[in-house]
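Following: one structure in structure tokens, then a few remarks.
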Amino acid sequence: MDRSAAELMMQRETAVQYGPVPHSLSGEPLAEMSWQMLGGAFLLRGEGEHYFLYRKGDGVTVERGPDADVSEESLWLNGSVYAAVASLNGLLPIHASAVAHDGRVFAFSGPAGAGKSTLVAALGRHGLPLFCDDTLVLDLSDPERIVCLPGHKRLKLRPDAIGLTGAMPQEKVSKTVDKHYALPATGEVGVALPLGELIFLEERPEPAIMPITGAERLVRLQDDHYTARLFDSARKFDRAAQFAHLARLARQIAMARFVRPLDRDRFDEGVALAARHVAQP
Amino acid sequence: MIVTAMAALAKRTDRFSEADIDEEIVVMMLDTGQFFSLSGTSAAIWRLIDGQRDRAAVLASLTGAFHGEEQAVTKDLDEFLATLREMGLLVD
């Protein structure tokens, strides 16, 4: 199947090699669990002496010091490093998990713990395949539409979410993360698709889905997730350009609010509502 | 400064960015990054401030658009113009 130019670029730019890398881009010492972005390059330091360097055109180089936790490496590569590579190449990573239906992507966003992964996994039981987990990368190169790149991360679920969703559990994510990889019940979609709707998850006593209109769409796009910080650092928009960027997204992305109780006994009720919403013509 | 009744109303376009989103106009102040949204009468007034129309022309257009509720429209117009002047968004 043909892959989009953005997908091919990401495949090329996220190719990993191993070797020594500089331990700072700016000259300032880089603390553990922090990053620097400078002149088209990105340097991340994980725990201990575990460094990840990306330079445009050169791909990613990983330096594993003696105390590097290798079990965390794929999490860094698929998390901050992938989002930084996307951002430095004009793509927009957002904090969302998504399913696909009828050639469009329906993405669910919310803070950590809002239930994004659990919801998209459970939508698999309603015949909706997974599109991505945790990070959705948007290709904005066509001014007329917003296209989503298929997910690059494996679905991760907490132990209690495995039973709720019907996903098939796989190995533990890492020594320190209390999640398992999982296979969604209806499989995954691996092709780029236009974005159908961005749906924000909130907790309320009764399940409901309501459209978001007007200025609130723009407000909703102001995110403080690490993906947004990486994009801001890469693009270096001034206020006017940042506003124009958000306004374009607000105009082109249909949005809704999905409210439901975070109550295991009513979980299926909320999932069924979301499934009907996604499947409606 | 005295603004005459015949002076055309013009926005300080160097001080804001704006975008139409659905039926609303979102305006962002470039000096602070804060933004606000306009709808209904205020959005209609904002659109009519084009550097050509003076207050009377804006009022006439509004009165036509809002079916002759002149007293209420006049109040809305003057209050909104005062707010825009306070915010430094109108050319003096």
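The values are calculated or read from the model by the stated rules, or taken from the named source; none is laboratory data. Remember, it's a predicted structure, so these values are computed and weren't measured experimentally. Note that we place each Cβ from the backbone using ideal geometry, even for glycine, and neighbour counts take in every protein chain shown.
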| Here are A:Thr118, A:Thr165, A:Thr135: which of them is over 16 Å from the mean Cα position of the chain (by Cα) and either within 25 Å of A:Met37 (Cα to Cα) or touching a residue at least 40 places away in the same chain (Cβ under 8 Å) (or both)? | A:Thr165
| said: Can you pull out every residue in region B:22-35 that is modelled with pLDDT of 95 or more, at the interface with chain A (Cβ under 8 Å from one of its Cβ atoms) and within 18 Å of B:Glu86 (Cβ to Cβ)? | reply: B:Met28, B:Leu30
| Residue within region A:78-87 that is in contact (Cβ under 8 Å) with a residue 24 or more places away in the chain and either assigned to a loop (DSSP other than H, G, I, E, B) or over 20 Å from the mean Cα position of the chain (by Cα) (or both) present | no
| Hits in region A:160-182 - residues which are among the small types (Gly, Ala, Ser), surrounded by 19 or more Cβ atoms within 10 Å (Cβ to Cβ) and outside any loop (DSSP other than H, G, I, E, B) | A:Ala161, A:Ala182
| Restricting region B:51-92 to residues that are more than 29 Å from B:Gln34 (Cα to Cα) and assigned to a loop (DSSP other than H, G, I, E, B), the residue that is modelled with the highest pLDDT | B:Glu69
| said: Condition first: within 14 Å of chain B (Cβ to nearest Cβ), among the aromatic types (Phe, Trp, Tyr) and closer than 30 Å to B:Phe16 by Cα. Can you find one or more residues in region A:240-259 that meet it? | reply: yes
| task | Check whether at least one residue in region A:19-35 is modelled with pLDDT of 95 or more, buried (at least 18 other Cβ atoms within 10 Å of the Cβ) and either part of a strand (DSSP E or B) or under 22 Å from the mean Cα position of the chain (by Cα) (or both), and report yes or no. | result | yes
| field | Test for B:Asp14: is it within 14 Å of chain A (Cβ to nearest Cβ), within 30 Å of A:Arg220 (Cα to Cα) and surrounded by 13 or more Cβ atoms within 10 Å (Cβ to Cβ) | value | no
| request: Take A:Val219 and decide whether it is within 14 Å of another protein chain (Cβ to nearest Cβ), assigned to a helix (DSSP H, G or I) and under 20 Å from A:Ala114 (Cβ atoms). | output: yes
| query | Only one residue in A:Pro211, A:Pro184 is within 18 Å of A:Ala272 (Cα to Cα) and in contact (Cβ under 8 Å) with a residue 60 or more places away in the chain, so which one is that? | reply | A:Pro184
| field | Out of A:Ala185, A:Ala234, A:Ala275, sole residue that is more than 14 Å from chain B (Cβ to nearest Cβ), buried (at least 16 other Cβ atoms within 10 Å of the Cβ) and over 28 Å from A:Arg158 (Cα atoms) | value | A:Ala234
| If you check B:Ala44, B:Ala72, B:Ala19, which single one turns out to be of a type outside the set (Phe, Trp, Tyr), free of Cβ contacts under 8 Å to residues at least 40 places away in the same chain and within 13 Å of chain A (Cβ to nearest Cβ)? | B:Ala19
| message | For the structure I just gave you, tell me whether B:Ser61 is at the interface with another protein chain (Cβ under 9 Å from one of its Cβ atoms), of a type in the set (Gly, Ala, Ser) and in contact with a Leu (Cβ under 7 Å, 6 or more places away or on another chain). | response | no
| said: I'd like the full set of residues that are farther than 23 Å from B:Val27 by Cα and crowded, with 17+ Cβ neighbours inside 10 Å, limited to region A:210-228. | reply: A:His225, A:Thr227
| query | Among the residues of region A:189-205, is any surrounded by fewer than 21 Cβ atoms within 10 Å (Cβ to Cβ), within 14 Å of chain B (Cβ to nearest Cβ) and among the aromatic types (Phe, Trp, Tyr)? | reply | no
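Here's the yes/no breakdown for (1) at positive phi; (2) surrounded by fewer than 23 Cβ atoms within 10 Å (Cβ to Cβ); (3) in contact with a Leu (Cβ under 9 Å, 6 or more places away or on another chain):
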{"residue": "A:Ala86", "(1), (2), (3)": "no, no, yes"}
{"residue": "A:Asn89", "(1), (2), (3)": "no, yes, no"}
{"residue": "A:Asp102", "(1), (2), (3)": "yes, yes, no"}
{"residue": "A:Ala107", "(1), (2), (3)": "no, no, yes"}
{"residue": "A:Arg125", "(1), (2), (3)": "no, yes, no"}
{"residue": "A:Leu130", "(1), (2), (3)": "no, no, yes"}
{"residue": "A:Leu140", "(1), (2), (3)": "no, yes, yes"}
{"residue": "A:Cys148", "(1), (2), (3)": "no, no, yes"}
{"residue": "A:Arg158", "(1), (2), (3)": "no, yes, no"}
